[in-house]
Amino acid sequence: MSESSNFLKIINYGTFIVLMFFGIVFIFAASVDYTLYLSRLLIGIVLICIAVGLFVIISLVIQRRKYQVVKVIRKEEEKDETKFVPSEMVCKECNHPLEISRDMKKLDKVFCENCGAELKIPKDEVNW
């Protein structure tokens, strides 16, 4: 765990304890003087709500900082459509060997470098 996370935890717990303490003190002090009963009671409740809210928010920030995104894989990258396409073919017209590059595997048709004949690239649709 990093030092900044430890520092945030200390701040989080310290703030929570201080605000809860003063909230409880205001709630107990409300019963001492009946002229300020309502205002002290409201201040105490507000302090306790702020303490709980800040505790939850800072805890979520600490938890979010623990995770780092290393690499995001999109759906298009997961499916490799060129997986079962051959990397070399032979022209049917002139028997010239053709090397099929990765970019060419994505195409439906290629042309022979020697005679210019059109060749259809076979794609195996089998998912093993």
For Ala117, the residues 5 or more places away or on another chain with a placed amide H closer than 5 Å to its own amide H are Cys112
Taking r as the C-beta separation of Gln63 and Leu41 and R0 as 35 Å, the FRET efficiency to the nearest 0.05 is 0.55
Karplus-derived 3J(HN,Hα) from phi for the range 37-43 (6.51 cos²θ - 1.76 cosθ + 1.60, θ = phi - 60°), whole Hz, x at Gly and Pro, runs 4, 5, 5, 5, 5, 5, 4
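Every number in this text was worked out from the coordinates using simple rules, so none of it is lab data. Computed from a predicted model, the values in this text were never measured in an experiment. Note: ideal-geometry Cβ built from the backbone for every residue, glycine included; neighbour counts use all protein chains shown.
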